[in-house]
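Worksheet for the structure shown next.
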Amino acid sequence: MNNTYKLIDTHFHMMEMLRKEISPHDIFTQSQDIAFLMDIAVDGDNFDQRTNITHSSLYYSAGIHPENTNIDIDKHKNLVLEQVEHPRVIAIGETGIDLHYTKDTLPIQLDLLHFQAELAIKKDLPLVIHSRDADKEILQALKPYKGKVQGIFHCFSSGPEFVENSLDLGFYYSFAGNVTFKSARNIQEAARVVPKERIFVETDAPYLTPVPHRGKGNSPLYVHHTLEYVATQREMLPKSLEDQILINIRSLWGNKINLPL
Ligand SMILES: [Zn+2]
């Protein structure tokens, strides 16, 4: 537990935490100073269950993960279209491209991405982008949306070249627990070069638990380890990085959210 920092987690999955028997309720009972939390969708299921867990600083996304290509796509698209009308849905996704296990599903992944990008434009909400082993493909796919949509590269797992090549999209870069892994030099270098007005940290809980809890299930309660690590990489105080992230959250969502002062 930590009482030094505000709790800010721009990306975690409550339903997956529950499935791994990590209680999302602990977040609310064990943290004194929750500033901003966003529970991220992986498909159209469980929306009622997600939104039944409430807190004044908890928001939700609606969307379909790029690896979910085996579901009834039309059904889930329709669910997402309903869910974006919920007043606390403030982002679309996570969507994107994942070529880690197969390239065969790329056409379906692209269809899902374009559907969600169009919806993000229509609803004036940012896109949450998942990209794995797909640097070239994701830049190509997002090109037509440059200047039309806001976005967050979540669980940033590429290197500084990708930051450089994608900066003109105007997206944010969100670092997760894997930046703290010893072998992640490329991601650490990226964390040093992202402009300060474009940086977030997140957990992607229950996955990617940061050092020193690596190996256990993850929770937003561990996000300060990533905050501290990224701050050290950038040679700044964690408190200053926290302040900057709050500024960035404000500039991305404006009056769509209520941030405590
Ligand atoms: Zn995620």
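So the values come out like this:
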| quantity | calculated |
| --- | --- |
| GNM result for the chain, Cα springs below 10 Å: residue of ARG192, ARG132, ARG19 fluctuating most strongly | ARG19 |
| Of LYS20/LYS196; LYS146/LYS256; LYS20/LYS136; LYS75/LYS216, those spanning more than 28 Å from alpha-carbon to alpha-carbon | LYS20/LYS196; LYS20/LYS136; LYS75/LYS216 |
| Segment 1-38 and segment 111-157: distance between their alpha carbon centers, rounded to Å | 26 |
| GNM result for the chain, Cα springs below 10 Å: residue of TYR207, TYR145, TYR101 fluctuating most strongly | TYR101 |
| Computed [θ] at 222 nm, deg cm²/dmol, the chain (DSSP H ≥ 4; -39,500 (n - 2.57); rounded to nearest 500) | -11000 deg cm²/dmol |
| Percentage of interatomic Cα-Cα distances in the chain larger than 29 Å | 23 |
| Top of ILE64, ILE247, ILE129 by mean-square fluctuation, Gaussian network on the chain, Cα under 10 Å | ILE247 |
| Cα centroid separation - segment 43-102 against segment 193-261, whole Å | 22 |
| 10 Å-binned pair-distance histogram of segment 149-261 (Cα, whole percent) | 15, 47, 33, 5 |
| Length-normalised contact order for the chain - Cα pairs under 8 Å, 6+ apart - percent | 19 |
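Computed from the coordinates by the stated procedures, all read-outs in this text should not be read as laboratory data. Note that this is a predicted model, so its numbers are computed, not measured.
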